[in-house]
Amino acid sequence: MFMKQTDFAPARMSALLGAAEAAARAIPPAFPLDATVAVNPFMGQAGETPAAASARLARTAGVRLFGPRARIAAEIAAGRIADEDLVEALIACPSSLKPADLGLLKSRLGAPRPEPEAPPTVADLAAQRTGVDWPAVIERCVGLWAAGHFDRGQALWLPAPGADAWASWRAWAARDLTPEIAGLAGFCAHVSAAPDTPERAICRAADALELDEAAAETAFHRLLMDLGGWAQHARWLLWRAEQEGGTDRTLAGLLAIRLIWEEALLARHPDLAERWRAAAAAHAAPTAPSIEDVIDWILQDAAERAFQRRLAARLGGAAPASPARPTLQAAFCIDVRSEPFRRALEAQAPGIETIGCAGFFGLPVAHLPHASDVDEARLPALLRPTLSSVARAPEPRERAARIKARAIRAWGRFRQAAVSSFAFVEAAGPAYGGKLLAGAFGRAAKDGGLEPAPRLDPAPDPAARAKAAASALAAMGLTKGFARLVLLVGHGARMTNNPHESAYRCGACGGHDGAVSARLLAGLLNDPETRAHLPAHGVELPDDTLFLAALHETTTDEAILFEADLPAARAAAHAAEIGRARGWLAAAGRQVRAERALRLPGATPDTLAARARDWAEVRPEWGLAGCAAFIAAPRAATAGKDLGGRAFLHSYDWRGDKGFATLELILTAPVVVAGWISLQYYASAVAPEVFGAGNKLIHNVVGGIGVVEGNGGRLRAGLPWQAVHDGERLAHEPLRLTVLVEAPPEAISDVLARHPQVAALFDNGWLHLMQLEDGRVAARYRPGGGWRAEAPVAAAA
Amino acid sequence: MTAFPLAPAQLAPLVLAIAAAAMMMRPGRRPPAARLLPQAASLAALALALGGAALAGADEGGGPMRADAIGATMATLVAFIGWIVTRYAARYMDGEPREGRFHALMLATLAAVLVLAQAAHLALLAAAFAATGLLLRQLLLFYPERPAARRAAAKFALVWHAGDAALILAAAILWAAHGLGDMAALRALIGEAGPGAADHVAAALVVLAALLKTAAFPAHGWLTEVMEAPTPVSALLHAGVVNAGGVLLIRLADLVQASPAAMAALAFMGGLTALFGAVVMLAQSAVKTALAWSTVGQMGFMLLQCGLGLWPLALLHIIAHGLYKSHAFLTAGMAVAEVRAARKPGPVAAPGWGAVARAFALSLALYAAMAGLFMAIAGPKSPQALALGAMLVFGVAYLVAQGLADAAPRALTWRTALASAGAAAAYFGFQLGAQALWGAHLPAPPDPGPLEWALIVLAVGSFGLVALAQALFPLWAHHPAAAGLRVHVANGFYLNALLDKAIGGFRTVKAK
């Protein structure tokens, strides 16, 4: 009575699905653009060295992970990379393939490297055979389906919500006539007859393609890379589901979709079998770095050592700490854009102290904004929210805001719907003349005004609030010596008409600005009930200390103070301090604008604010471009030193860190996040075709989640070319992050031993680790464990 | 004065052409003049166009270009959008390897479109059309290494220049029949003597040219793929170029209206394209792609207005659409924020059958009131105008329906009702203005005969049905039976794929 199902040998099936799983995990997640955060594009390759990953990605995506050698050669010629850097990099390289000496290494500098070529897919072979550009047809067909499937509200007519990717695509592709028009007769029937689960479809296609288990992993990885950002978006769905303890099959569905195409093309062109077998055989060989990959790696390492040499010279020892009570303290996010601002603020007057910590101020909240039912995860991507907060205006303002938002939405749907779009144009079109003028003069977007103050909801009891506040203070190393006024400065980046806006905002706040977190913590710390419990947590908070939240706009370097959140009496008592702080912040902003305008093409310090409002501006600021170092040390180690906006600065004093709990927190969270950011910029600079978002000038926003270039096709994750390149040269020098920690080496090693995933980043060479002593570089971590003392360097060059 | 052939508005293309030539001297990255020269030249062109508009009708001369009410209006629109777009591009294109060339091409294209808008002679009009096409093709090929850009440019050139051929043929026929190329003279002649056989053929060719150039069904494929060029190109193309086919029709309105068959073809193809484009738009998830499909629909609607003989309204639609669509393209980067903002207030309140029925009744009542009011002010309206108003009111009904949904709070109902009344009033107000500005220069709608009545009923009926379906959308869109339809709709019913098949658009293109 029942049809006999096609049987797969269980061993083969589990091997194939294991390979599919591995291929899926080789894909990095891409966060949707409404709140995007940087993710390490090589997250799936963290278990191998960059050279090995380069070899793997050459096969699976046709890219190399290292920039052109000419750039290194130019740095050597300019004297920025010295022979000692090259020699040290050569000695440190663990590969047996490395050149024997410096001469041999340098002789390879000018050697041309052919672009890597991935083994062909069946679609590539069919294109050569038939002249029809099958990879492009697949990109277009899958892209159109995926755009609708993942759409969060761009189109009015969306597919039924909740369908899983494989089922949704099967229903789509069984009806989509485009492949047949392009010449793949019978494709709809082929799809109709495909198995009903992605797993079975993957196994069936692998059989039809005669893929053996050894070849499957990179062959699958290749096909997923072929889908570009769609696969990365699906990987994000999986990431999010796993964070919530579930799982997600979208990525399996995408692999099955791409395999069904391969299967159908091979069935249609059986004569390709021979050439396809050769390609599959190439996948069966293990990936291994070539001599040239190793040389690239050494050269990259040398460039980083040259940077470290200059950084070490600049650091050159801690400044003496002043014993007096500071006149102002200000805590900033570790973001590299805080560094110039902190330097400038401290320069305004003696006694101003700044602190660096993760910009969510230690409060992992899911936040419901004003007039919104959609919560925002304002915390680093690695964490799960444990608190929730809301921002609600008093009635009837809250309700009025909601009605207004809904009326705007109804008007938007009136504009978008079929017949009413004509009525809309006839009635409202002429008014757009005024909107064009407004846009041309930098008034395209209206200022939303300040959000009402956020509050924790449900509010934890005072003891729990004090615990959260105390641990936030501990993470910034601020438990005593408070000034009368302490600013908590989050950061945001206001800009206009930029789909990648959230990539410029605070990564520690999940791609939102830091205002909510800063205001929440300031609210907790000013709350008398909470303060009463703080001494129990070892926090010596004087009664006259007031906390004030602020927001640093990185596009304009203006700082907004949230004074209205303060109880009126306390604000009045501190009016003098607040007034002075306001003046200092404004002066610091002017200084930073002068510094920053030099790097932005066509900018002057006075035009930065206009750039942020300019609807045509594709480079409103440089974001985190240039980031190269992470320093966890007391501020004394870096105070007064111009680090060029290239360093993440985390305040940390190991002497006050009981059991090195804070060290563990820093190494496992902020360091990892900073490493991801640096690798995202790195990948977008060296492999923009695969890991970058492409050219902003032809971006086409899809489904509210991402961009495609031009008409459609593959989603593009990562950073746009304009975010890392100024038109003439890279604005982001692609360097792997150098992490410098002031703590005893044994303590650092101990934390790494307990967190093998973090250790792998250093051991495999994705990040560098150095140890500081009294603000000087003292030792370098050696991959695999152990430390090597660094020679003392001459003071600031 | 009359001896001088160039009025202020006619100097505008010259200024732009000189600036284009200057920009072409430094075609590369960050030419020193890029920040100021293009926008200064286009601002000068705008000032000249406005000057021309102020003088419109005062001195129409007999030259090859003429700033009459229609020419001056179009010139002002194009110059305004040109200025906005060049100002935008000055910042947007900063650092591109071929930045200077881009500005040169944009300015030259603008110059060609300005000539087109004001051409008085058919030969000049045809030449300006061809030049616009040649220049725009270069802009579409701004990234020649992209195969999709080359495919889009090839499609555009094919359709655009086929339209050129039809227009040239029409001009030749008219020249052979009357020995005239001046459009005003032709208008007078046909008005006096009535149309001859040659005029009917020429009218058909003019309609064909307009259908091709406005991306009407089934030749729309070229317009939906030109997002391969930087955003300012799309803004100019959708606001100032794709509607040039409409300008052609309006310029030759007397000739076209003299041929009932041409008018019927326009009304039919226009109405079909309007519904087709608007429905396909619903299923597009990429913002610029949706905008392009929307343009297909809007141009179809404009053609329908032409086919009904509502010439001033067609011109009004060109202006309103040009302003709206260029803004929509230039702000397409806000789509992420907009989708996010639309999700914030929670689920949309879907109107049910009852709410939709009440909304349609209310809208028709509103329409009757408004129409009565405006007829009392401005005199009786033609059946065509009343029919068009009814179609638009079906659209407004959707806005009313959203406010009447059971789950919608009272305050929202009021807001949408107010917006609906505002929209209806604005529509009638603009219509009044259009009639006052351009009515004297354009023929009145013909008295409808059986064919015209049939088309009017067909148009009102089909728009009404689609409007009803749209208002009830949440009730059926996710039904499995509709899922299959959505596939075909999202694909634009495959016409583009078939065109690709025909012209080799699926084939591998070797990078240059």
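Below, the figures for the structure above:
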quantity	calculated
Residues (under 23 Å from B:A482 (Cβ atoms) and in contact (Cβ under 8 Å) with a residue 40 or more places away in the chain) located in the stretch A:172-204	A:A173, A:T178, A:P179, A:F187, A:V191, A:A194
Residues located in the stretch A:265-275, provided they are part of a helix (DSSP H, G or I) and surrounded by fewer than 24 Cβ atoms within 10 Å (Cβ to Cβ)	A:L266, A:A267, A:R268, A:P270, A:D271, A:L272, A:A273, A:E274, A:R275
Residue in the stretch A:286-312 that is surrounded by the fewest Cβ atoms within 10 Å (Cβ to Cβ), counting only those that are in contact (Cβ under 8 Å) with a residue 60 or more places away in the chain and assigned to a loop (DSSP other than H, G, I, E, B)	A:A288
B:L303 being more than 10 Å from every other protein chain (Cβ to nearest Cβ), within 11 Å of the chain's Cα centre (by Cα) and closer than 19 Å to B:V279 by Cβ	yes
Hits in the stretch B:120-137 (condition: among the aliphatic types (A, V, I, L, M) and touching a residue at least 24 places away in the same chain (Cβ under 8 Å))	B:A120, B:L122, B:A123, B:L124, B:L125, B:A126, B:A130, B:L135, B:L136
Residue match in the stretch A:369-383 (condition: facing chain B (nearest Cβ under 7 Å) and closer than 30 Å to B:A387 by Cα)	no
Matching entry among A:G183, A:G153, A:G162 (being surrounded by fewer than 22 Cβ atoms within 10 Å (Cβ to Cβ) and in contact with a strand residue (DSSP E or B) (Cβ under 7 Å, 6 or more places away or on another chain))	A:G183
Residue match in the stretch A:385-392 (condition: among the hydroxyl-bearing types (S, T, Y), modelled with pLDDT of 90 or more and in a strand (DSSP E or B))	yes
Criterion violated by A:P499 - all others in (1) within 27 Å of A:L534 (Cβ to Cβ); (2) under 27 Å from the mean Cα position of the chain (by Cα) satisfied	(1)
Top-ranked residue of the stretch B:455-497 - restricted to ones that are β-branched (V, I, T) and farther than 16 Å from B:L282 by Cα, ranked as surrounded by the fewest Cβ atoms within 10 Å (Cβ to Cβ)	B:V457
Filter result (away from chain A (no Cβ under 14 Å) and either touching a helix residue (DSSP H, G or I) at 6+ places or on another chain (Cβ under 6 Å) or surrounded by fewer than 18 Cβ atoms within 10 Å (Cβ to Cβ) (or both)) within the stretch B:382-400	B:S382, B:P383, B:L386
Breaking point among (1) loosely packed, with under 15 Cβ neighbours inside 10 Å; (2) over 21 Å from A:L57 (Cα atoms), for A:I260	(1)
Test for A:E339: is it under 30 Å from A:G492 (Cβ atoms) and surrounded by fewer than 22 Cβ atoms within 10 Å (Cβ to Cβ)	no
In the stretch A:162-182, the residues that are under 18 Å from B:R151 (Cα atoms) and facing chain B (nearest Cβ under 8 Å)	A:T178, A:I181, A:A182
Residues within the stretch B:327-348 that are facing another protein chain (nearest Cβ under 8 Å) and outside any helix (DSSP H, G or I), tallied	5
Residue match in the stretch A:76-90 (condition: within 14 Å of chain B (Cβ to nearest Cβ) and either within 30 Å of the chain's Cα centre (by Cα) or in contact (Cβ under 8 Å) with a residue 12 or more places away in the chain (or both))	no
Residues of the stretch A:378-432 satisfying the condition of being among the basic types (K, R) and under 35 Å from the mean Cα position of the chain (by Cα)	A:R378, A:R384, A:R392, A:R402, A:K404, A:R406, A:R409, A:R413, A:R415
Wholly enclosed helices (runs of 4 or more DSSP H) of the stretch B:110-200 bearing at least 1 residues over 25 Å from B:L498 (Cβ atoms) and at pLDDT 95 or above	B:122-140, B:147-178
Residue in the stretch B:208-223 that is part of a helix (DSSP H, G or I) and among the β-branched types (V, I, T) present	no
Qualifying residue in the stretch A:697-706 (condition: within 17 Å of the chain's Cα centre (by Cα) and either β-branched (V, I, T) or at the interface with chain B (Cβ under 10 Å from one of its Cβ atoms) (or both))	yes
Qualifying residue in the stretch B:434-454 (condition: at the interface with another protein chain (Cβ under 9 Å from one of its Cβ atoms) and crowded, with 22+ Cβ neighbours inside 10 Å)	no
Residues located in the stretch B:462-499, provided they are touching a helix residue (DSSP H, G or I) at 6+ places or on another chain (Cβ under 9 Å) and not in a helix (DSSP H, G or I)	B:L472, B:A477, B:N491
Some residue of the stretch A:491-499 being in the same structural domain as A:R580 (by TED's automatic domain parsing) and within 20 Å of A:T545 (Cβ to Cβ)	no
Failed item in (1) buried (at least 20 other Cβ atoms within 10 Å of the Cβ); (2) over 22 Å from B:G277 (Cα atoms); (3) facing another protein chain (nearest Cβ under 9 Å), with B:P409 passing the rest	(1)
Cβ-Cβ under 6 Å pairs, at least 6 apart or on other chains, the stretch A:589-600 side closer than 18 Å to A:L561 by Cβ, far side of a type outside the set (S, T, Y) and in a helix (DSSP H, G or I)	A:V592/A:P340; A:V592/A:F341; A:V592/A:A344
Within the stretch A:429-458, tally of residues that are part of a helix (DSSP H, G or I), among the small types (G, A, S), facing another protein chain (nearest Cβ under 7 Å) and surrounded by fewer than 23 Cβ atoms within 10 Å (Cβ to Cβ)	2
Hits in the stretch A:137-161 - residues which are of a type in the set (A, V, I, L, M) and facing chain B (nearest Cβ under 7 Å)	A:V137, A:L144, A:A147, A:A155, A:L156, A:A160
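This table checks each residue for (1) assigned by TED's automatic domain parsing to the domain that holds B:L315; (2) surrounded by 24 or more Cβ atoms within 10 Å (Cβ to Cβ); (3) within 30 Å of A:D614 (Cα to Cα); (4) touching a His at 6+ places or on another chain (Cβ under 6 Å).
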{"site": "B:S42", "(1), (2), (3), (4)": "no, yes, yes, no"}
{"site": "B:L48", "(1), (2), (3), (4)": "no, yes, yes, no"}
{"site": "B:G51", "(1), (2), (3), (4)": "no, no, yes, no"}
{"site": "B:M65", "(1), (2), (3), (4)": "no, yes, no, no"}
{"site": "B:F80", "(1), (2), (3), (4)": "no, yes, yes, no"}
{"site": "B:I84", "(1), (2), (3), (4)": "no, yes, yes, no"}
{"site": "B:A90", "(1), (2), (3), (4)": "no, no, yes, no"}
{"site": "B:R98", "(1), (2), (3), (4)": "no, no, yes, no"}
{"site": "B:T109", "(1), (2), (3), (4)": "no, yes, yes, no"}
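The values are calculated or read from the model by the stated rules, or taken from the named source; none is laboratory data. Note that the coordinates shown come from a computational prediction; the quantities given were computed from them, not determined experimentally. Neighbour counts are summed over all protein chains in view; Cβ atoms, including those assigned to glycine, are modelled from backbone coordinates with ideal geometry.
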